[in-house]
Amino acid sequence: MARPTGTKLIAANRRARRNYEVLETVEAGLALRGSEVKSLRSAHVQLGDAYARIEGGEAWLVSMHIAPYDHAQDHSGHEPERRRKLLLHRGEIARLRSIVDEQRLSLIPLSLYFKDGRAKVELALARGRKTYDKRQVLAKRDAEREAARAIARADRD
(Lines give C-alpha, C1' and ligand atoms only; values in the text may rest on other atoms or scores of the structure.)
Protein backbone atom coordinates (compact mmCIF):
# COMPACT_ATOMS: atom_id res chain seq x y z
CA MET A 1 0.00 0.00 0.00
CA ALA A 2 1.37 3.42 -0.95
CA ARG A 3 2.08 5.92 1.82
CA PRO A 4 -0.19 8.98 1.72
CA THR A 5 1.40 12.21 0.53
CA GLY A 6 0.55 15.82 1.21
CA THR A 7 -0.78 17.57 4.30
CA LYS A 8 -4.13 16.92 5.99
CA LEU A 9 -5.19 19.26 8.80
CA ILE A 10 -6.63 17.46 11.83
CA ALA A 11 -7.20 20.28 14.31
CA ALA A 12 -6.32 23.95 14.71
CA ASN A 13 -6.01 26.00 17.88
CA ARG A 14 -7.88 29.10 16.75
CA ARG A 15 -7.78 30.80 20.15
CA ALA A 16 -3.98 30.71 20.23
CA ARG A 17 -3.47 33.51 17.71
CA ARG A 18 -5.94 35.71 19.58
CA ASN A 19 -4.54 35.05 23.06
CA TYR A 20 -0.85 35.00 22.13
CA GLU A 21 1.52 37.01 19.96
CA VAL A 22 3.24 34.38 17.79
CA LEU A 23 6.95 35.11 17.37
CA GLU A 24 8.20 31.93 15.67
CA THR A 25 6.82 28.54 14.60
CA VAL A 26 8.43 25.09 14.71
CA GLU A 27 7.25 21.76 13.31
CA ALA A 28 7.61 18.70 15.56
CA GLY A 29 6.69 15.06 15.27
CA LEU A 30 4.60 13.23 17.87
CA ALA A 31 5.24 9.86 19.51
CA LEU A 32 1.79 8.24 19.52
CA ARG A 33 0.18 4.88 20.19
CA GLY A 34 -1.86 3.04 17.56
CA SER A 35 -5.27 3.86 19.01
CA GLU A 36 -4.27 7.54 19.22
CA VAL A 37 -3.45 7.60 15.51
CA LYS A 38 -6.84 6.05 14.74
CA SER A 39 -8.57 8.73 16.81
CA LEU A 40 -6.56 11.45 15.06
CA ARG A 41 -7.60 10.13 11.66
CA SER A 42 -11.22 10.63 12.72
CA ALA A 43 -10.33 14.10 14.16
CA HIS A 44 -11.26 13.33 17.79
CA VAL A 45 -8.76 15.76 19.32
CA GLN A 46 -8.82 19.05 21.24
CA LEU A 47 -5.88 21.46 21.37
CA GLY A 48 -7.52 24.27 23.35
CA ASP A 49 -5.67 23.93 26.65
CA ALA A 50 -2.53 22.21 25.35
CA TYR A 51 1.01 23.51 25.77
CA ALA A 52 4.54 22.18 25.39
CA ARG A 53 7.17 21.81 28.11
CA ILE A 54 10.86 21.07 27.98
CA GLU A 55 11.93 18.80 30.83
CA GLY A 56 15.17 16.90 31.18
CA GLY A 57 16.32 17.54 27.62
CA GLU A 58 13.05 16.28 26.12
CA ALA A 59 10.01 18.13 24.81
CA TRP A 60 6.52 17.07 25.92
CA LEU A 61 3.03 18.07 24.78
CA VAL A 62 0.78 18.39 27.82
CA SER A 63 -3.05 18.58 28.13
CA MET A 64 -3.87 17.65 24.55
CA HIS A 65 -7.04 15.55 24.63
CA ILE A 66 -7.26 12.67 22.16
CA ALA A 67 -10.54 10.81 22.62
CA PRO A 68 -10.29 7.02 23.04
CA TYR A 69 -10.76 5.11 19.79
CA ASP A 70 -14.24 3.55 19.71
CA HIS A 71 -13.13 0.17 18.35
CA ALA A 72 -9.98 -0.24 20.48
CA GLN A 73 -9.89 -2.96 23.12
CA ASP A 74 -9.67 -1.89 26.73
CA HIS A 75 -6.13 -3.14 27.26
CA SER A 76 -4.76 -1.62 24.04
CA GLY A 77 -6.43 1.79 24.32
CA HIS A 78 -4.81 4.99 25.57
CA GLU A 79 -5.21 7.58 28.29
CA PRO A 80 -6.87 10.68 26.70
CA GLU A 81 -4.88 13.36 28.59
CA ARG A 82 -1.45 11.70 28.81
CA ARG A 83 1.77 13.62 28.06
CA ARG A 84 3.03 12.95 24.55
CA LYS A 85 6.67 13.19 23.54
CA LEU A 86 7.57 15.72 20.86
CA LEU A 87 10.15 14.57 18.35
CA LEU A 88 12.72 17.33 17.82
CA HIS A 89 16.48 17.38 17.31
CA ARG A 90 18.56 17.86 20.45
CA GLY A 91 19.92 21.20 19.21
CA GLU A 92 16.41 22.45 18.47
CA ILE A 93 15.25 21.49 21.97
CA ALA A 94 18.23 23.31 23.52
CA ARG A 95 17.55 26.41 21.41
CA LEU A 96 13.86 26.45 22.35
CA ARG A 97 14.66 25.93 26.03
CA SER A 98 17.07 28.86 26.11
CA ILE A 99 14.59 31.18 24.34
CA VAL A 100 11.71 30.14 26.61
CA ASP A 101 13.77 30.60 29.76
CA GLU A 102 15.39 33.91 28.77
CA GLN A 103 12.38 35.68 27.29
CA ARG A 104 9.62 34.07 29.41
CA LEU A 105 7.74 32.76 26.38
CA SER A 106 5.28 29.88 25.99
CA LEU A 107 5.31 26.94 23.59
CA ILE A 108 1.75 26.65 22.24
CA PRO A 109 0.47 24.17 19.62
CA LEU A 110 -1.16 25.99 16.71
CA SER A 111 -2.23 23.04 14.60
CA LEU A 112 -2.09 19.27 14.36
CA TYR A 113 -1.86 17.60 10.96
CA PHE A 114 -0.70 14.58 9.01
CA LYS A 115 2.25 15.25 6.71
CA ASP A 116 3.12 12.38 4.37
CA GLY A 117 1.30 10.01 6.71
CA ARG A 118 3.05 11.13 9.92
CA ALA A 119 1.43 13.13 12.72
CA LYS A 120 3.00 16.56 13.16
CA VAL A 121 2.27 19.50 15.43
CA GLU A 122 3.05 23.15 14.66
CA LEU A 123 4.39 24.78 17.82
CA ALA A 124 4.60 28.51 18.34
CA LEU A 125 6.98 30.45 20.52
CA ALA A 126 4.48 32.96 21.82
CA ARG A 127 4.05 35.78 24.29
CA GLY A 128 0.73 36.10 26.11
CA ARG A 129 -1.45 39.08 25.25
CA LYS A 130 -3.22 41.27 27.77
CA THR A 131 -6.91 42.06 27.32
CA TYR A 132 -6.22 45.55 25.96
CA ASP A 133 -3.77 44.10 23.42
CA LYS A 134 -6.48 41.74 22.16
CA ARG A 135 -8.88 44.67 21.73
CA GLN A 136 -6.26 46.66 19.81
CA VAL A 137 -5.61 43.73 17.46
CA LEU A 138 -9.34 43.33 16.79
CA ALA A 139 -9.77 47.07 16.15
CA LYS A 140 -6.78 47.11 13.77
CA ARG A 141 -8.11 44.07 11.87
CA ASP A 142 -11.57 45.68 11.56
CA ALA A 143 -10.04 48.93 10.29
CA GLU A 144 -7.98 47.07 7.67
CA ARG A 145 -11.03 45.10 6.56
CA GLU A 146 -13.10 48.29 6.26
CA ALA A 147 -10.33 49.96 4.21
CA ALA A 148 -10.17 46.96 1.88
CA ARG A 149 -13.95 47.12 1.40
CA ALA A 150 -13.79 50.84 0.61
CA ILE A 151 -11.06 50.25 -1.99
CA ALA A 152 -13.09 47.42 -3.53
CA ARG A 153 -16.17 49.65 -3.71
CA ALA A 154 -14.13 52.43 -5.33
CA ASP A 155 -12.76 50.01 -7.93
CA ARG A 156 -16.26 48.81 -8.83
CA ASP A 157 -17.58 52.34 -9.40
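How much net charge surrounds Q136 when only other residues with a Cβ under 13 Å from its Cβ are counted (Lys, Arg +1; Asp, Glu -1)?
Details: positive: R18, R129, K130, K134, R135, K140, R141; negative: E21, D133, D142, E144.
Its environment carries a net charge of +3.
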Most to least packed among 122-130, 58-66 [average Cβ atoms within 10 Å]: 58-66, 122-130
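If the chain between A150 and H65 were fully stretched, how many nm would it gain, using 0.36 nm times the residue separation less the Cα-Cα distance? Kindly include the intermediate steps, with their values, before the conclusion.
Values: separation 85, 0.36 × 85 = 30.60 nm, distance 4.32 nm.
Value of the extension gain: 26.3 nm.
Relative to the compact-globule scaling 2.2 N^0.38 Å, provide the ratio for the alpha-carbon radius of gyration of the range 1-40. Please list the in-between numbers first.
Details: Rg = 14.1 Å, N = 40, 2.2 N^0.38 = 8.9 Å.
The range 1-40 yields a ratio of 1.58.
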Sort 22-34, 91-103, 108-120, 131-143 by the packing proxy (mean of other Cβ within 10 Å over each peptide's residues), most packed first. 108-120, 22-34, 91-103, 131-143
For the chain, with all protein chains present and a 1.4 Å probe, just round the carbon and sulfur fraction of the accessible area to a whole percent. 47
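If Lys and Arg each add +1 and Asp and Glu each add -1, what is the summed charge of the other residues whose beta carbon sits under 9 Å from the beta carbon of L61?
Working: positive: R53, R83, R84, K85; negative: none.
Once all neighbours under 9 Å are counted, the net charge is +4.
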Under 22 Å Cα to Cα from K120, which lysines show up? Leave out anything in the same chain fewer than 8 places away. K8, K38, K85
Using a cut-off of 21 Å between alpha-carbon atoms, which lysines can reach K130, once sequence neighbours fewer than 8 places away in the same chain are excluded? K140
Measure nothing but the geometry: give the 0 to 90° angle between the long axis through the Cα atoms of 131-156 and the longest principal axis through the Cα atoms of the chain, rounded to 10°. 60
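Over every pair of different alpha-carbon atoms in the range 1-152, take the mean of 1/r and invert it; report that Kirkwood radius in Å. Provide the component values of the computation, followed by the final result.
Values: mean 1/r = 0.0584 Å⁻¹.
Averaging 1/r across every pair of different Cα atoms and inverting gives 17.1 Å.
Once the other residues with Cβ under 15 Å from the Cβ of A12 are scored (Lys, Arg +1; Asp, Glu -1), what is the net sum?
+4
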Can you give the angle from 0 to 90° between the axis of helix 90-103 and the longest principal axis of the chain, with both taken from C-alpha atoms, to the nearest 10? 50
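The values are calculated or read from the model by the stated rules, or taken from the named source; none is laboratory data. Everything numeric here is computed off the predicted structure, so don't read it as measured data. Cβ sites come from the backbone with ideal geometry, for glycine too, and all protein chains shown count toward neighbours. Note: accessible area is taken over every heavy atom of the protein model, side chains too, but ligands, DNA and RNA are not part of it. Shrake-Rupley method; radii C 1.70, N 1.55, O 1.52, S 1.80 Å.
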